[in-house]
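The values are calculated or read from the model by the stated rules, or taken from the named source; none is laboratory data. Note that this is a predicted model, so its numbers are computed, not measured. Positions of Cβ are backbone-derived with ideal geometry, glycine not excepted, and every protein chain shown enters the neighbour counts. Just so you know, the surface numbers come from the protein's heavy atoms only, side chains and all, with ligands and any DNA or RNA stripped out. Shrake-Rupley method; radii C 1.70, N 1.55, O 1.52, S 1.80 Å.
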Amino acid sequence: MKTSLNHILCFFFVFVAGSLYSQSTATIYGSITNQDNEPIEDVSISILGGSQQSVLTGKNGDFSYTIPADSTVTIIFNSLSHTQEQRVLELASGEKRELNTTLKFKNTFNIINIYDKSERNQNITRIDPILITHIPTASQDFNAILFTLPGVSNRNELSSAYSVRGGNFDENLVYVNGIEIYRPFLVRSGQQEGLSFINPDMVSSVVFSAGGFEAKYGDKMSSVLDVQYRKPREFAGTASGSMLGGNLELEGISKSHRFSWMIGSRYKSTKYLLGKIDTKGQYKPSFVDVQGYATYDLTTNWELDLLGNYSSNKYNIIPENRETDFGTLNQALRLKVYFDGQEVDKFSTMLGALSAIYRSNDEKSNLKFIVSAFKSKESEAFDIQGQYFISDLETDFGKPTFGQEVAERGVGTFLDHARTNLTAYVYSAEHKGQYNFTYNKQVLWGAKYSLENISDKLSEWKFVDSAGYSLPTTIPYNPQEEIILKDVIKQKINIVSNRVSGFLEGIISKELKDTSTLSFTAGLRANYWDLNKQALVGPRATLGFKPHWKRDFLFKLSGGYYYQPPFYRELRNVEGELNYNLKAQTSIHCVLSSDYNFKAWNRPFKFIAEAYYKHLDNIVPYEIDNVRIRYSAKNNARGYATGLDLKVNGDFVRGLESWFSLSFMQTQEDIKDDFFYTRYNSDGDTIIAGYTANNIAVDSTRTEPGYIPRPTDQRVSFGLFFQDKMPGLPDLKMHLNLLFGSGVPFGPPGSERYKQVLRMPPYRRVDIGFSYQVLRENRKVNEKSIGRYLKSVWLSLEVFNLLGTSNTVSYIWVEDVTSRQYAVPNYLTSRQLNLRMIVKF
């Protein structure tokens, strides 16, 4: 689509030029390549001293440009990363001339737009943002483009959260235009989530790293997502709508080309999706956000950028009833719940960032100064009572009552209460710089100061009653004892702290005598937080080697210390208490990777293989329930994550990029102070296990569990994004999104971590979409029709969960009076249809 967009821009400018000039015209066309005979995209082609609009080359470096005839003109070819070229021409009226041009690399690189060869030497993957439009996904979120990448895991189509190589959701860095983006604090489930910060209609470039990334990126242990919003070149817009919501984006540029602006708004409602889950009720979820991005060129060297965002997410539910069948073929059970009460959640965030950017005339120096402010205001309020019934189902196929309830196993009532209000402010001032000595030698640096102010008021508790018994209870039951509430949290928290961080990084590459290429990136990153008084310094480095072989291989070795200082989530334990002495978690990365560019069926492909090992120390154990992470707030564990990621991507169908990814991973942790006591009979068999230090028998033996799987221990994952088009009807395309992830550990809530080693069923999800381009961008347009204002129109039909798989996201645990617990699965969405329309103008 990006190529087509550039083509239609070319035709549009040709039309404008024809209307502005009364004299006769001629046409030049051709392609622009670099010294390696590779096409160059977005080269500006214009006339020296002329008033007509310029055009840009397309994805394949091609262009077509109308110029005045019967006069001498100078054609200028401009590119950010290549030297300028000029050609003097004089063409006759109506003449067409092919003009192919080769541009040389500049000796410098722009601080933001780095040439692909430099990127290839780093552990990063560039993603075409155009693909986001076509990925069929129930979340309708930008992050869906990441879920099929190797090493990335998402087990909840309602959520934008993801884990990378054994890390959790809080271990991922996200940047937009160099501004760090924060996750919401209180979200418990995917149903409560809205959309992630990134507006896909505003994106120009996407870079992702699953580990071993550079020192210029911040202090998290797992991954980095670096997104840049584009600078408009003309007035344009995009409008889209579906059964899940709609988007509107507008952009423009001043006549002087010094001021550009872009504004986007999104609305999403998952009411349609939530109507098919087990819990029936009145769902009223809504998400609205507005983003703006503006740039202004003060001088030829200085530029001002302004990024702003406001989002409001409301989630209301009045649950009515639920019916879930679970168990095995031999022991089938049914849970029925009848609800009273409601839940009202509100999440609102605001972000503002002002950047001043300086670029020297010789393009050797690039300086960026950023000030930003972030605010998040979140509240949860619910009182939900549930009366539940657990029944046995008939499992004999031969009986007429097969599948029906035959016996009642348990009856009870629970009441969940919460009143939580959180407000967070983060103010930051930051400087980043880059100096280019030559095209293959650069140095980068940066420093950042942040002030954090977080207030949190918590009030949560649960009450469980089974057959007239308040749980937990004493045996024998004493009716005079007080009612005991479970999981009681009553806290008022306010913390104000300061963080200082910085980095220094150098990049050098050298061509060897045999024309092999050696590249080396090394840097240091430092961090200090005054709350825990901890100062950290960690090295990071990447060594790249491209041998002089007939086949295009590149090998990389990356590693370093990746510290993650605690944020508010990690500080708070399950009782709501803060550990102000909590230290940073440490992850030492070692990544060995190779990528291979090749051609098959005369089309480009890339194969990537990465093997990694991460040594984890001072880590904070945690539990995951749906998308809620509950930390122990103790640095009492060590662990590791190791695995292999494989990916093949390319044009399996000409002109349409697809990819396959396969990952193998294991992550485990050893909690230093966990143990239990066991007793053995005369035959050596265990007769009682689970004693604690306060309740042990004389002949008991202490046992330490050792290494146990972490909550994100997903051993195998497979992702596929495949595109195809109808033979003879290329405007009709198919987009297939497939995810498979083996089961992850879980266990009873509140139990010791070594007991949480049960496995969820595998996550299996297939979404498919069919899109038809009703109006093409390079079509012939009647000048009097309303269609002349439209660039393209797409219609899509999507089928979510094509195979109708019942995926489990978490469990609800119910008890009877004997304290026997039943794990009842919470299933995700079933098969559903979605209609979508996208209009570009």
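Remarks
- Residue match in segment 753-765 (condition: open to solvent by 60 Å² or more (accessible area, probe 1.4 Å) and in a loop (DSSP other than H, G, I, E, B)): yes
- Single residue of Lys255, Lys284 found to be closer than 24 Å to Ser348 by Cβ, modelled with pLDDT under 95 and among the charged types (D, E, K, R): Lys284
- Within segment 385-414, the set of residues being outside any loop (DSSP other than H, G, I, E, B) and either open to solvent by 30 Å² or more (accessible area, probe 1.4 Å) or modelled with pLDDT of 95 or more (or both) comprises Gln385, Gln387, Phe389, Asp392, Glu405, Val406, Ala407, Glu408, Arg409, Val411, Thr413.
- Of all residues making up segment 736-758, the number that are within 18 Å of Phe664 (Cβ to Cβ) and touching a strand residue (DSSP E or B) at 6+ places or on another chain (Cβ under 6 Å): 7
- Some residue of segment 187-207 being at pLDDT 95 or above, open to solvent by 20 Å² or more (accessible area, probe 1.4 Å) and in a strand (DSSP E or B): no
- Summed over segment 289-303, the residues that are open to solvent by 60 Å² or more (accessible area, probe 1.4 Å) and either modelled with pLDDT of 95 or more or closer than 23 Å to Tyr175 by Cβ (or both) give a count of 3.
- Positions within segment 580-594 being closer than 21 Å to Phe555 by Cβ and open to solvent by less than 10 Å² (accessible area, probe 1.4 Å), in sequence order: His589, Val591, Ser593
- Residues of segment 99-116 satisfying the condition of being modelled with pLDDT of 50 or more and under 12 Å from Asn34 (Cα atoms): Asn100, Thr101, Thr102, Leu103, Lys104, Phe105, Lys106
- Looking only at segment 247-293, residues that are within 21 Å of the chain's Cα centre (by Cα) and assigned to a loop (DSSP other than H, G, I, E, B) come to 2 in all.
- Any hit, segment 530-552, residues being open to solvent by 40 Å² or more (accessible area, probe 1.4 Å), in contact with a Pro (Cβ under 8 Å, 6 or more places away or on another chain) and assigned to a strand (DSSP E or B): no
- Criterion: of a type in the set (Ser, Thr, Tyr), under 36 Å from the mean Cα position of the chain (by Cα), surrounded by fewer than 16 Cβ atoms within 10 Å (Cβ to Cβ) and assigned to a strand (DSSP E or B) - qualifying residue of Tyr427, Tyr338: Tyr427
- Inter-residue pairs, beta-carbon under 8 Å, first within 20 Å of Leu304 (Cβ to Cβ) and among the aliphatic types (A, V, I, L, M) and in segment 256-281, second open to solvent by less than 70 Å² (accessible area, probe 1.4 Å) and in a helix (DSSP H, G or I), 6+ apart: Met262/Met202
- Where Pro748 falls short, out of the listed (1) closer than 25 Å to Leu158 by Cβ; (2) buried (at least 17 other Cβ atoms within 10 Å of the Cβ): (2)
- Filter pass, Gly639 being under 30 Å from Gly728 (Cβ atoms) and small (Gly, Ala, Ser): no
- As a summary of the residue check, Ala600 satisfies the conditions (1) modelled with pLDDT under 95; (2) touching a Pro at 6+ places or on another chain (Cβ under 8 Å) except for the one numbered (2).
- The residue of segment 617-645 that is surrounded by the fewest Cβ atoms within 10 Å (Cβ to Cβ), among those that are in contact with an Asp or Glu (Cβ under 8 Å, 6 or more places away or on another chain) and under 16 Å from Phe718 (Cβ atoms), is Leu644.
- So Leu739, is it within 21 Å of Val839 (Cβ to Cβ) and either open to solvent by 20 Å² or more (accessible area, probe 1.4 Å) or in contact with a Gly (Cβ under 8 Å, 6 or more places away or on another chain) (or both): no
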